[in-house]
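Following: one structure in structure tokens, then a few remarks.
The values are calculated or read from the model by the stated rules, or taken from the named source; none is laboratory data. Values in this document were obtained by computation on a predicted structure and should not be read as measured data. All Cβ positions, glycine included, derive from the backbone under ideal geometry; neighbour counts span all protein chains shown.
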Amino acid sequence: MKYDILNYADTRSGFGAGLLEAGKRNDNIVALCADLTGSLKMNAFASEFPERFFQTGISEANMIGMAAGLTIGGKIPFTGTFANFSTARVYDQVRQVVAYSQKNVKICASHAGISLGEDGATHQTLEDIALMKALPGMTVINTCDFNQTKQATIAIADYEGPVYLRFGRPKVPNFIPEDMPFEIGKAIVLEEGTDVTVIATGHLVWEALLAFDELAKEGISAEIINIHTIKPLDEEAIFKSLEKTKCVVTAEEHNILGGLGESVAGVLARNKPYPMEMVAVKDTFGQSGKPDELMEYYGLKSKNIVESVKKVLKRK
């Protein structure tokens, strides 16, 4: 593996750094937070641009409505709260006043997946990608580390249209180079291979790279693709890889229903089917626990990717 850990950092801090940088570049950027400024790492933006920061309190639905209204005056609003509260709690508002109206709102969601940890199932969300990608016109981005989250935050500021940006709470390996280009809707091939394609998103990208090393020891050549944009999906990159490898494993910190895996499966079904396995949470809610223990319990580690690769190779 040619990617080294630069440091360990939480992806929510990447969002905070990106928001501050985007705010410096564009005076029209405003930020709204539902009483979680520290958790979303929005403090720096709030301090630098107090007149462009709005603390809405624990009123997420109102926050989404305010954000939609601000776009009418030419502002580019970034909303911030936990992923569960950014989606399930406010889905009607997101659907009606953002997606249906095609408002230029950036819905930024921290503490996604089960790696939120001890807060448990009521705060964890494993169905948010399914909810958001089903909305017409909604772009869905799920970043893998600090650097990529910062890059994505800056990139979506320049993108016209509603965006759901998903990131996490725990410190994870930061391995994407600061200068690696971030292009919405374009996958990144991290490692080239010929035997199997592994398509990963979010925190599972690093686990896929760990699996790459383990598979290489056994003589299995894996191509590792970082899908940071789940919608629109980079179908061209997927098929270019599968023309070589003829089989695929997807990996995500999300319910197996409605996430990246089903998006890839749908593309294959509509075009050219290939053997496929999915590493994801098997249609269940999360529970309280330490992040790494939960990732282990729900089968979201590199060893689970390795097992799925061996399984799909038998079906090739």
Within the stretch 19-36, of all residues that are of a type outside the set (G, A, S) and touching a Phe, Trp or Tyr at 6+ places or on another chain (Cβ under 8 Å), the one farthest from A67 (Cα to Cα) is L20
Of the listed residues (L209, L204), the one being in contact (Cβ under 8 Å) with a residue 12 or more places away in the chain and under 15 Å from the mean Cα position of the chain (by Cα) is L204
Conditions (1) modelled with pLDDT of 95 or more; (2) out of contact with any Ser or Thr (no Cβ under 7 Å at 6 or more places or on another chain); (3) not charged (D, E, K, R) -> G73 fails only (1)
How many residues of the stretch 250-282 are outside any strand (DSSP E or B) and among the acidic types (D, E)? The answer is 1
Subset of the stretch 105-124, residues within 21 Å of I141 (Cβ to Cβ) and either in the same structural domain as G289 (by TED's automatic domain parsing) or hydroxyl-bearing (S, T, Y) (or both), comes to S110, S115
Residues of the stretch 157-179 being crowded, with 24+ Cβ neighbours inside 10 Å and either small (G, A, S) or part of a helix (DSSP H, G or I) (or both), in sequence order, are G168
Flagged pairs (Cβ under 7 angstrom, 6 or more apart or on separate chains; first in the stretch 164-191, more than 19 Å from L210 (Cα to Cα); second among the aromatic types (F, W, Y)) are F167/F15; I184/Y159
The condition of being more than 20 Å from T194 (Cα to Cα) and either of a type in the set (A, V, I, L, M, F, W, C) or at pLDDT below 95 (or both) holds, among I256, I220, I238, I227, only for I256
For T71, state whether it is surrounded by fewer than 22 Cβ atoms within 10 Å (Cβ to Cβ), in contact (Cβ under 8 Å) with a residue 24 or more places away in the chain and touching a Pro at 6+ places or on another chain (Cβ under 9 Å).
yes
Self-check item: Residue check for F45: farther than 30 Å from F175 by Cβ and touching a Leu at 6+ places or on another chain (Cβ under 8 Å)
Solution: no
Scanning the stretch 180-230 for residues that are assigned to a loop (DSSP other than H, G, I, E, B) and closer than 26 Å to L294 by Cα gives T201, G202, H203, I227, H228
In the stretch 293-309, anything touching a residue at least 40 places away in the same chain (Cβ under 8 Å) and surrounded by fewer than 20 Cβ atoms within 10 Å (Cβ to Cβ) is listed as K301, K303
By residue number, the members of the stretch 255-264 that are touching a strand residue (DSSP E or B) at 6+ places or on another chain (Cβ under 6 Å) and more than 13 Å from D234 (Cβ to Cβ) are N255, I256, G259, G261
Condition set at pLDDT 95 or above, surrounded by 15 or more Cβ atoms within 10 Å (Cβ to Cβ) and not hydroxyl-bearing (S, T, Y), scope the stretch 268-286, selection farthest from L135 (Cα to Cα): answer is P275
Selection over the stretch 96-147 where residues are in a loop (DSSP other than H, G, I, E, B), out of contact with any Gly (no Cβ under 8 Å at 6 or more places or on another chain) and closer than 25 Å to E207 by Cα yields a count of 2
